[in-house]
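The values are calculated or read from the model by the stated rules, or taken from the named source; none is laboratory data. This is a predicted model, so every value here is computed, not measured. Cβ coordinates were reconstructed from backbone atoms using ideal geometry, including for glycine residues, and neighbour counts include every protein chain displayed. Just so you know, the surface numbers come from the protein's heavy atoms only, side chains and all, with ligands and any DNA or RNA stripped out. Shrake-Rupley method; radii C 1.70, N 1.55, O 1.52, S 1.80 Å.
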Amino acid sequence: MKKIYFLFIILCASCNFEKPTQFSELALNDTVYDLNNNAFSIKELLHQYKGKKVFIDVWASWCADCIRGLPGVRNLQKEYPAVVFLFLSVDKSKNAWKNGIQRFQIKGEHYNLPKGMKSGEFVDFINLGWIPRYMVIDEQGKISLFKATSASDSAIKEVLKKGI
């Protein structure tokens, strides 16, 4: 009986870790690069958009599922024009990343996580195992949606509508 209780406690605790409302300091200190190769911490990046709702799309130019999800993201952009659309690429090649933005005509704010999807404090914090990965940050900088893998996920619209 003790083993079952212990297992139950572990499962409940891990469920709480799956949906954090704040980024860890390590994740916030991870580095991203803009299109001009300027370095920013995730903290600096998110601070730029404080007071605004931010939709994060973690993607890569080589990811077929990411490209298939773009029409859904474009629909969200039309429906929620006040939301900041932040695209974080896990492309290791900056040329592939920049070419992907142009090739697929992706409108929004663009940054690169140069370590790819296998390492880095931000990637580790969000437990990135699949892309695309969508997140929503509220106006106070809190994570209001930690994980969605489809742009048509109803949870995305639920959190984007709040406060409008």
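List the pairs whose first member sits in region 75-88 and is more than 17 Å from Q102 (Cα to Cα), whose second member is of a type in the set (A, V, I, L, M) and open to solvent by 20 Å² or more (accessible area, probe 1.4 Å), and whose Cβ atoms are under 8 Å apart, counting only residues at least 6 apart or on separate chains?
That search, which allows pairs on different chains as well, returns Y80/I164; A82/I164.
For region 115-132, how many residues meet the condition of being within 14 Å of D91 (Cβ to Cβ) and of a type in the set (D, E, K, R)?
Adding up the residues that qualify gives 2.
Only one of these conditions is not met by A148: (1) closer than 22 Å to Q22 by Cβ; (2) open to solvent by 10 Å² or more (accessible area, probe 1.4 Å); (3) free of Cβ contacts under 8 Å to residues at least 40 places away in the same chain. Which number is it?
A148 satisfies all of (1) closer than 22 Å to Q22 by Cβ; (2) open to solvent by 10 Å² or more (accessible area, probe 1.4 Å); (3) free of Cβ contacts under 8 Å to residues at least 40 places away in the same chain except (2).
Residues being part of a helix (DSSP H, G or I) and crowded, with 19+ Cβ neighbours inside 10 Å: count how many of those fall in region 79-100.
Taking region 79-100 as the starting set, the residues that turn out to be part of a helix (DSSP H, G or I) are 79, 94-100.
In the following step, the residues that additionally are crowded, with 19+ Cβ neighbours inside 10 Å were identified as 97, 100.
The number of residues fulfilling the criteria is 2.
Looking at region 115-128, can you tell me whether even one residue there is over 16 Å from the mean Cα position of the chain (by Cα) and under 24 Å from N29 (Cβ atoms)?
Looking only at region 115-128, we keep the residues that are over 16 Å from the mean Cα position of the chain (by Cα), and these are none.
Within region 115-128, not a single residue is over 16 Å from the mean Cα position of the chain (by Cα) and under 24 Å from N29 (Cβ atoms).
So is Q102 touching a Gly at 6+ places or on another chain (Cβ under 9 Å) and polar (S, T, N, Q) or not?
no
Scan region 130-140 and tell me whether some residue there is over 17 Å from I42 (Cα atoms), open to solvent by 70 Å² or more (accessible area, probe 1.4 Å) and not basic (K, R).
Quick first cut of region 130-140, residues over 17 Å from I42 (Cα atoms) only: 130-132.
Imposing the further condition that a residue be open to solvent by 70 Å² or more (accessible area, probe 1.4 Å) reduces the set to 130.
Next, from what is left, pick out any that are not basic (K, R): 130.
Yes, because at least one residue in region 130-140 is over 17 Å from I42 (Cα atoms), open to solvent by 70 Å² or more (accessible area, probe 1.4 Å) and not basic (K, R).
Please specify each residue of region 23-50 satisfying the condition of being assigned to a loop (DSSP other than H, G, I, E, B) and farther than 13 Å from F122 by Cβ.
Step one: list which residues in region 23-50 are assigned to a loop (DSSP other than H, G, I, E, B), which gives 23-24, 29-30, 34-38, 49-50.
Within region 23-50, D34, L35, N36, N37, N38, Y49, K50 meet the criteria.
Which residue, of I156, I131, is part of a loop (DSSP other than H, G, I, E, B), at pLDDT 95 or above, touching a strand residue (DSSP E or B) at 6+ places or on another chain (Cβ under 6 Å) and under 20 Å from L76 (Cα atoms)? I'd like the intermediate steps shown before the answer.
Details: I156 fails: part of a loop (DSSP other than H, G, I, E, B).
Answer to the selection: I131.
Taking region 101-128 as the search range and keeping residues that are in a loop (DSSP other than H, G, I, E, B), out of contact with any strand residue (DSSP E or B) (no Cβ under 8 Å at 6 or more places or on another chain) and open to solvent by 90 Å² or more (accessible area, probe 1.4 Å), which one is nearest to K147 (Cα to Cα)?
N127
Within region 35-43, does at least one residue satisfy the condition of being at pLDDT 95 or above, buried (at least 19 other Cβ atoms within 10 Å of the Cβ) and within 15 Å of the chain's Cα centre (by Cα)?
yes
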